[in-house]
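Below you'll find the structure, written out as structure tokens, and then a few comments.
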Amino acid sequence: MPDVPAPFIVLDHLVKTFAGVKALTDVGFSIAPGEVVCLAGENGSGKSTLIKILAGAQAPDDGTITIDGRVHHRLGPRAAVAAGIQVIFQDFSLFPNLTVAENIAFSTSLAAGSRWVRRGRMREIAAAALARVGVTIDLDTPVEKLAVADKQLVAISRALVSDARLIIMDEPTSALTEREVRALIAIIRRLKGDGVAVLFVSHKLAEIFEVCEKIVVLRNGRKVIEAPAAEFDPATLAFHMTGRRFEPAPPTPGSTDAPPILEAAHLTRAGQLDDVGFTLHAGEVLGITGLLGSGRTQLAKALFGLTPIDSGTIRICGRDIAIRSPRAAIAAGIGYVPEDRLTEGLFLAQSIGRNIAVGRLDAHAGFAGILDRPAYATEIDQWLERLRIAAPDAATPVQSLSGGNQQRVVLARWLATNPKILILNGPTVGVDVGSKSDIHAIVAGLAAAGMGLIVISDDVPEILAVSHRILVMKAGRIVDTFAGGAIGEADLARRLAS
């Protein structure tokens, strides 16, 4: 039998409590050199708390962290880095105004205690780190000018410069295209070959099975299972994460006998859309997919008046409508859930109630414009119950919610306006498997009630799961149309990549 390497890190009986609520209870597992381990769980399961403990940002209340045989009761940030632990957060934590070389070599230069900036040496360090992951990026480009995938590569290279032995990747593929995901997986395999361990955190089950050797599942702050990835399939992993069984049924074909609710013809915007046309029927879910830069988001923004078209026509319920602004779109009965809920969809510091009611305040204005607070509060409570938004009450700040609950708040805001048409751009980005299933069920329910929905996503399984019809976009044009159920996941993925 081959020798089993000694673990690089062993977590044992970790406990963490916040204000009397157990975030972690008796959590423990090990990671060996060169091992790729998935940390899976719903939002609120304890993943983020565990990552912060490993990074030294928080101390456990109890338990130990053993690194190379040395027992620690807590790690500070410097101790974690010195031990070879690096975390790549979703925002990458880079300096946007500094160059690629400066970002990669910054921590090394700081650790060396040099009083002078040696730009030549920085470039050497950065070039060597990029070569190690097998990529080429202009060393003098400011990071703020890079694409998301290149920013991620810079963050990985910076971790390697710091002699990383364990790299924690928190939702590393949430903003990447399929092609960029392939490149990242290849890099993870290269790191594994170099003996670097990876703790991989993702809600995308297909990626978990492709890249990870072992899966550790947390639920409600407890470890519910730890086993080789080969012992799971998507259904069993989803069950362990949520405690629920999911049996998604493919959507039935939408009826084209229903009246057209939206007719778009010859939509054109220079450099973004090229003669786009389609019809959406009442009660239909129309899926639109394509790679980054295909025009899918530009189409959504054009329909909502964020980036008005140069030419073409939009008809809603048989009437030509000039949509030159979001105000005009809302007046025409269109709602839009944006791709980035944090920067475009929510007032994070404000309460759930205010986020939901922001488009409905006029409806609750009584005599002399004074807010009818009882009616306002009743409506907010109804939305909390209808969309099962998990929060203590409507006064809870939105920024304290999980990703899935934040997305439900955005949905509630637009549903409160009673739209005829709802555009959902990346409706489940960054949400866990349970919330994803719930959002898909909400979409199906809205369609059954007669609403017309446009779901825009590059998540192929999602598009197949919710759509009555599917449009494929490339270079600002619609290049393929499929009925729901008429194409499989592998074939659709190939058409996107070709």
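The values are calculated or read from the model by the stated rules, or taken from the named source; none is laboratory data. What you see is a predicted model, and the numbers here were worked out from it, not measured in a lab. Counting neighbours? That spans all protein chains shown, and the Cβs are built from the backbone with ideal geometry, glycine included.
Quick notes on this structure:
- Qualifying residue in segment 267-276 (condition: of a type in the set (V, I, T), farther than 30 Å from G28 by Cβ, modelled with pLDDT of 95 or more and outside any helix (DSSP H, G or I)): yes
- All positions within segment 317-346 that are in a loop (DSSP other than H, G, I, E, B), within 26 Å of T428 (Cα to Cα) and modelled with pLDDT of 90 or more: S325, A332, G333
- Single unsatisfied condition, A59 versus (1) surrounded by 14 or more Cβ atoms within 10 Å (Cβ to Cβ); (2) part of a loop (DSSP other than H, G, I, E, B); (3) among the aliphatic types (A, V, I, L, M): (1)
- The set of residues in segment 259-289 that are within 17 Å of L422 (Cα to Cα) and aliphatic (A, V, I, L, M) comprises I261, L262, A264, L280, A282, V285, L286, I288.
- Within segment 89-104, not a single residue is in contact (Cβ under 8 Å) with a residue 60 or more places away in the chain, over 29 Å from A183 (Cβ atoms) and in a loop (DSSP other than H, G, I, E, B).
- For L415, the test of being in the same structural domain as G452 (by TED's automatic domain parsing), modelled with pLDDT of 85 or more, surrounded by 13 or more Cβ atoms within 10 Å (Cβ to Cβ) and in contact with a Gly (Cβ under 8 Å, 6 or more places away or on another chain) is passed.
- Neighbours by Cβ (under 9 Å, 6+ apart or cross-chain): first from segment 1-24, more than 22 Å from G46 (Cα to Cα) and of a type in the set (A, V, I, L, M, F, W, C); second exposed (fewer than 10 other Cβ atoms within 10 Å of the Cβ) and at pLDDT 90 or above: A6/G69
- Condition check for A230: in contact with an Asp or Glu (Cβ under 6 Å, 6 or more places away or on another chain) and assigned by TED's automatic domain parsing to the domain that holds D68: no
- Within segment 434-485, tally of residues that are of a type outside the set (D, E, K, R) and touching a strand residue (DSSP E or B) at 6+ places or on another chain (Cβ under 8 Å): 29
- Of all residues assigned to segment 303-314, at least one qualifies as being loosely packed, with under 14 Cβ neighbours inside 10 Å and either modelled with pLDDT under 85 or assigned by TED's automatic domain parsing to the domain that holds G434 (or both).
- A residue that is over 18 Å from E339 (Cα atoms), part of a helix (DSSP H, G or I) and basic (K, R) cannot be found anywhere in segment 435-447.
- I65 being within 30 Å of P5 (Cβ to Cβ), among the β-branched types (V, I, T), touching a residue at least 24 places away in the same chain (Cβ under 8 Å) and part of a helix (DSSP H, G or I): no
- Of the residues making up segment 221-238, those that are surrounded by 13 or more Cβ atoms within 10 Å (Cβ to Cβ), at pLDDT 90 or above and not in a strand (DSSP E or B) are G221, A229, F232, T236, L237.
- Candidates in segment 137-168 are the residues that are over 26 Å from G120 (Cβ atoms) and at pLDDT 90 or above; of these, the one that is surrounded by the most Cβ atoms within 10 Å (Cβ to Cβ) is I168.
- Filtered residue count, segment 165-199, keeping only those that are without any contact (Cβ under 8 Å) to a residue 24 or more places away in the chain and outside any helix (DSSP H, G or I): 0
- Take the conditions (1) of a type in the set (D, E); (2) modelled with pLDDT of 95 or more; (3) within 29 Å of G434 (Cα to Cα); E247 misses just one of them, which is (2).
- Beta carbons closer than 7 Å, at least 6 apart along the sequence or on distinct chains, pair a first residue in segment 389-407 that is assigned by TED's automatic domain parsing to the domain that holds G345 and closer than 12 Å to I439 by Cβ with a second that is surrounded by 15 or more Cβ atoms within 10 Å (Cβ to Cβ) and of a type in the set (D, E) for G404/D432.
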